Amino acid sequence: MIRGEELTMGTISVFVNVGLDGVMQGPGRADEDTRGGFRHGGWGVGYADQVIGTYVAERSGAAAMLFGRRTYDDVLGYWTSVGEPNPFTETLVNTPKYVASRRAGAGLAHPNSTLLAGEAAETVARLKERVDGVITVLGSGELVRSLHAAGLVEEYVLLIHPIVLGSGTRLFGEGERTDLTLEETITATTGVVIARYRTK
């Protein structure tokens, strides 16, 4: 986006729950993601506290959100079906959302949603040229690994839980070495460590 003579670009911030062994699969519900026979769904339940809630609320002002298609359907489907009022639904519905998918005709069921059809490394690179501000990626492991390999992620916010799951999809797979800079750490009362890293 060009404002006057200044060229600005979006920055990608990945926000994800992980165990100590890097597993990110299915933290929210038992049936959230059972791919590969994963039996530990819902492992993140019970770790939330006021410290985490406050941190999440303070970071809820992203310019946009970016999802893989499966995570988009799951997260938006769940939070828009919750009966009682909550701040997550309002933020998820009202924030512009971009959904990376290899399927050009994929329909999107929720408002303020735009499909990025094609290879994520290419479509997200173009998105960063159009959005001024933070683009938050929630979960979306396959998408994150693709963006990481392409050098498109500027920041990781990891909620590191004091648990070793022993199986399941991990945040990072095989790849090149990446040196990160620790910018911030906050410890929740439940033992979760919120760690914010910069890649560049």
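Residue check: is SER140 in contact (Cβ under 8 Å) with a residue 12 or more places away in the chain and on the phi > 0 side of the Ramachandran plot? Before the answer, list the steps.
Numbers: in contact (Cβ under 8 Å) with a residue 12 or more places away in the chain: yes; on the phi > 0 side of the Ramachandran plot: yes.
Judged against the criteria, SER140 is a match.
Which one is nearest to ARG39 (Cα to Cα), of the residues in the range 155-187 that are hydroxyl-bearing (Ser, Thr, Tyr) and touching a strand residue (DSSP E or B) at 6+ places or on another chain (Cβ under 9 Å)?
SER167
Could you list, in sequence order, the residues of the range 112-165 that are over 18 Å from GLY19 (Cα atoms), among the β-branched types (Val, Ile, Thr) and touching a Phe, Trp or Tyr at 6+ places or on another chain (Cβ under 6 Å)?
THR114, THR136
For the range 171-200, which positions are among the basic types (Lys, Arg), closer than 19 Å to TYR47 by Cβ and surrounded by fewer than 18 Cβ atoms within 10 Å (Cβ to Cβ)?
Across the range 171-200, there are no qualifying residues.
Take the range 62-83 and flag every residue that is more than 23 Å from GLY10 (Cβ to Cβ), open to solvent by less than 40 Å² (accessible area, probe 1.4 Å) and of a type in the set (Gly, Ala, Ser).
Selection gives GLY77 alone.
Tell me, yes or no, whether the range 20-32 has at least one residue that is β-branched (Val, Ile, Thr), surrounded by 12 or more Cβ atoms within 10 Å (Cβ to Cβ) and in a helix (DSSP H, G or I). Full working, then the answer.
As a first pass, look at the range 20-32 and keep what is β-branched (Val, Ile, Thr): 23.
Still in the list and also surrounded by 12 or more Cβ atoms within 10 Å (Cβ to Cβ): 23.
With in a helix (DSSP H, G or I) added as a condition, the list becomes none.
No, because not a single residue in the range 20-32 is β-branched (Val, Ile, Thr), surrounded by 12 or more Cβ atoms within 10 Å (Cβ to Cβ) and in a helix (DSSP H, G or I).
Name the one entry in ARG170, ARG177, ARG145, ARG196 that is farther than 24 Å from ALA63 by Cα, basic (Lys, Arg) and within 14 Å of the chain's Cα centre (by Cα).
Answer to the check: ARG170.
Quick one: which of GLY118, GLY173 is in contact (Cβ under 8 Å) with a residue 12 or more places away in the chain, at positive phi and of a type in the set (Gly, Ala, Ser)?
Only one candidate qualifies: GLY118.
Name the single residue, out of those in the range 115-137 being open to solvent by 30 Å² or more (accessible area, probe 1.4 Å), touching a Ser or Thr at 6+ places or on another chain (Cβ under 7 Å) and outside any helix (DSSP H, G or I), that is nearest to SER60 (Cα to Cα).
Among residues in the range 115-137 that are open to solvent by 30 Å² or more (accessible area, probe 1.4 Å), touching a Ser or Thr at 6+ places or on another chain (Cβ under 7 Å) and outside any helix (DSSP H, G or I), the one nearest to SER60 (Cα to Cα) is VAL134.
Mind checking whether some residue in the range 43-50 is among the aliphatic types (A, V, I, L, M) and open to solvent by 20 Å² or more (accessible area, probe 1.4 Å)?
Restricting attention to the range 43-50, the residues satisfying the condition of being among the aliphatic types (A, V, I, L, M) are 45, 48.
In the following step, the residues that additionally are open to solvent by 20 Å² or more (accessible area, probe 1.4 Å) were identified as 45, 48.
Scanning the range 43-50, I find at least one residue that is among the aliphatic types (A, V, I, L, M) and open to solvent by 20 Å² or more (accessible area, probe 1.4 Å), so the answer is yes.
Yes or no, residue by residue, for (1) more than 17 Å from the chain's Cα centre (by Cα); (2) basic (Lys, Arg); (3) modelled with pLDDT of 95 or more:
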| site | (1), (2), (3) |
| --- | --- |
| ASP21 | yes, no, yes |
| GLY28 | no, no, no |
| GLU32 | no, no, no |
| ARG35 | yes, yes, no |
| VAL56 | no, no, no |
| GLY61 | no, no, no |
| ALA64 | no, no, yes |
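Which ones in the range 69-114 are on the phi < 0 side of the Ramachandran plot, at pLDDT 85 or above, not small (Gly, Ala, Ser) and not in a helix (DSSP H, G or I)?
Within the range 69-114, THR95, PRO96, LYS97, TYR98, VAL99, ARG102, LEU108, HIS110, PRO111, THR114 qualify.
Looking only at the range 93-114, decide whether some residue is of a type in the set (D, E, K, R) and open to solvent by less than 50 Å² (accessible area, probe 1.4 Å).
yes
When the residues of the range 141-170 are filtered to those that are within 21 Å of TYR72 (Cα to Cα) and part of a strand (DSSP E or B), which remaining residue is most open to solvent (accessible area, probe 1.4 Å)?
Going through the qualifying residues, I end up with ARG170.
The values are calculated or read from the model by the stated rules, or taken from the named source; none is laboratory data. Small disclaimer: the values here were computed from a predicted structure and weren't measured. Cβ: placed from backbone, ideal geometry, glycine included. Neighbour counts: every protein chain shown. SASA here: full protein model, heavy atoms, side chains in, ligands and nucleic acids out. Shrake-Rupley method; radii C 1.70, N 1.55, O 1.52, S 1.80 Å.
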